[in-house]
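A short write-up of the structure that comes next.
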Amino acid sequence: MFAPNGPAAAPFAPGFTNRFHGLGPDFFTELQAASLPNPHWVAVSAGCTALLGWPAQWWQEPGALAAFSGNAAWPGMRPLASVYSGHQFGVWAGQLGDGRALWLGEVESPSGPQELQLKGAGQTPYSRRGDGRAVLRSSIREFLCSEAMAALGIPTTRALCLVGSGELKIQREAVETAAVVTRVAPSFLRFGHFEHFAHHGMPDQLRQLFDYFVAHYAPECAQAPNPVAAVLARVAGQTAELIAQWQAVGFMHGVMNTDNMSMLGLTIDYGPFGFMDGFDPGHVCNHSDHQGRYAFSRQPQIGFWNLHALAQALFPLMPNAESDADAASEELQASLEVYRERFGTALPAAMRAKLGLWETLDEDGPLIDDWLRLLAKHHTDYTIAHRRLAVFDPAQALDAPANAPVRDLFLDRPAFDAWAARYAERLKKAPADTSMARAARMNAVNPAVVLRNHLAQTAIQRAEAGDFSDVQRLQQVLSRPYDEPANPADADFPPNWAQHLEVSCSS
């Protein structure tokens, strides 16, 4: 019905705009997506559809499948791949860019402009010998996790829809089928966009990009005495709060390269991510990360390291960069300290909430630290332990049967009992707080369901066999992570076979 990459009749008029195009060809390459043979829908997110303000059934209209498989374009779409650079695993990697992503344009939504991007739509000038495609396996993981993180209240890019093709085969570790996921965000600008122009000696383009960012995403910084320092402080604060939320929920990004860090403090680029099962602060979820650079416990430190890289990229824009380099560096360093301050507040607050501690007392820090040490010593399931802690009865702290649901998670019962006695005393210092009210508040911040690897893997295996119902079912479950699921297995311990699952950068 539609010519490849030709105009398609849109079922409604979302009104695409293309502000990024105004930056000019130094910032991107305009090109069309590669055709996806015989595409089919795998899943559509109702939540992301609502975010955009689109009709619930938009995907059933003629032309929708063609547009979001890369086979056609809706009016106003002007696909492009942007250029950026970055540090990968702590090493300068030079020019990178959208190697398999195509920016389609912006649409106005009830919450403001949102950019749409196809991931897996074919080669671009930045593919670096890659095929520009994404496999169904990784696309399912990104689709599910993007929407799961949004439901958890963690800042993230979103996933509107997922399209597959059983005919297009891709060689990774094995031969797999191709897929295209549509990602949505207010902006896909990364630290690496600024690093690119700073490291390649392009000060005019660096200034142009900075002014674009301030005008569209940080207008309040334009009024600051030093807009550059203000932008860095803004990004530092948002990044600190994001990573604090990651740590609190037990999420591991896996590849915290600077080109995977959002200028808006969003979780971006879902590759070898993972949610903690048995708690291990040193766990590395990406089996390609041989040095453990992005281990769970190192994520806060890496976030700060990446912000230093951004600060270096922004340094040439400082008004006193040439006249007083030391003073310029000190001012940027002061902006970076916002990260330490914000993270140092955000994570303890999140952990107090997880333990039902709603007033701050001096004893809370040691109590939380010892709880985490207890979890680590026993590799206790992180999500289940916090969920069960909501039913802990401080009036019967040493009553084994009463607190068996959480107590039985620990092999060393005396060690748990010692901690539980302290916890009970701490809870009693809020005498007006009923156990029922505390449990309700804890269950509102401690999810029952997260996207564990085995849940994703089961959905992937069924999808690879042509059954997409589990992807759709799981997305619905993950959209309500704080509710007890209808299927208790969704919130249960991972099966033994899941211990052997590995994820890598291959997708």
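The values are calculated or read from the model by the stated rules, or taken from the named source; none is laboratory data. Note that the structure is predicted; figures quoted are calculated from it, not measured. Please note: Cβ atoms are built from the backbone with ideal geometry, for glycine as well, and neighbour counts cover all protein chains shown.
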>> Given the condition over 30 Å from Ala465 (Cα atoms) and of a type in the set (Asp, Glu), answer yes or no: does some residue in the stretch 118-141 qualify?
In response: no
>> Looking only at the stretch 179-210, count every residue that is free of Cβ contacts under 8 Å to residues at least 24 places away in the same chain and not in a helix (DSSP H, G or I) and tell me the total.
In response: 1
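When you look at Met263, is it at pLDDT 95 or above, closer than 23 Å to Tyr339 by Cβ, among the hydrophobic types (A, V, I, L, M, F, W, C) and in contact with a Gly (Cβ under 8 Å, 6 or more places away or on another chain), yes or no?
On the way: at pLDDT 95 or above: yes; closer than 23 Å to Tyr339 by Cβ: yes; among the hydrophobic types (A, V, I, L, M, F, W, C): yes; in contact with a Gly (Cβ under 8 Å, 6 or more places away or on another chain): no.
So Met263 does not fit the description; no.
Can you tell me which residue is nearest to the chain's Cα centre (by Cα) among those in the stretch 71-86 that are of a type in the set (A, V, I, L, M) and assigned to a loop (DSSP other than H, G, I, E, B)?
Of the residues in the stretch 71-86, the ones of a type in the set (A, V, I, L, M) are 72-73, 77, 80-81, 83.
Next cut, assigned to a loop (DSSP other than H, G, I, E, B) only: 77, 83.
Working: Met77: 25, Val83: 21 Å.
Here the residue is Val83.
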> Listed residues Glu322, Glu337, Glu359; which is part of a helix (DSSP H, G or I) and among the charged types (D, E, K, R)?
Replying inline: Glu337
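In the stretch 211-235, which residue that is in a loop (DSSP other than H, G, I, E, B) and surrounded by fewer than 18 Cβ atoms within 10 Å (Cβ to Cβ) is nearest to the chain's Cα centre (by Cα)? First the steps, then the outcome.
Filtering the stretch 211-235 down to residues in a loop (DSSP other than H, G, I, E, B) leaves 218, 224-226.
Next, from what is left, pick out any that are surrounded by fewer than 18 Cβ atoms within 10 Å (Cβ to Cβ): 224-225.
Working: Ala224: 29, Pro225: 32 Å.
Step by step, filter the stretch 211-235, then rank; the result is Ala224.
Quick one: count up the residues across the stretch 469-507 that are assigned to a helix (DSSP H, G or I), modelled with pLDDT of 95 or more, more than 19 Å from the chain's Cα centre (by Cα) and not hydroxyl-bearing (Ser, Thr, Tyr). Spell out how you get there, then give the answer.
Of all residues in the stretch 469-507, those assigned to a helix (DSSP H, G or I) come to 469-478, 488-491, 496-500.
Next, only the ones that are modelled with pLDDT of 95 or more stay: 469-478, 488-491.
Now narrow it down to the ones that are more than 19 Å from the chain's Cα centre (by Cα): 469-470, 472-473, 488-491.
Next, from what is left, pick out any that are not hydroxyl-bearing (Ser, Thr, Tyr): 470, 472-473, 488-491.
Residues meeting the conditions: 7.
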> Is it fair to say Val42 is closer than 20 Å to Leu168 by Cα, outside any loop (DSSP other than H, G, I, E, B) and of a type in the set (Val, Ile, Thr)?
Replying inline: yes
>> Can you go through Ile243, Ile170 and tell me which one is at pLDDT below 95 and buried (at least 18 other Cβ atoms within 10 Å of the Cβ)?
In response: Ile170
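Does Ala400 satisfy the criteria of being more than 31 Å from the chain's Cα centre (by Cα), modelled with pLDDT under 95 and in a loop (DSSP other than H, G, I, E, B)?
It is true that Ala400 is more than 31 Å from the chain's Cα centre (by Cα), modelled with pLDDT under 95 and in a loop (DSSP other than H, G, I, E, B).
Based on this model, can you work out whether Glu337 counts as surrounded by fewer than 20 Cβ atoms within 10 Å (Cβ to Cβ) and closer than 18 Å to Ala233 by Cα?
The answer is yes for Glu337.
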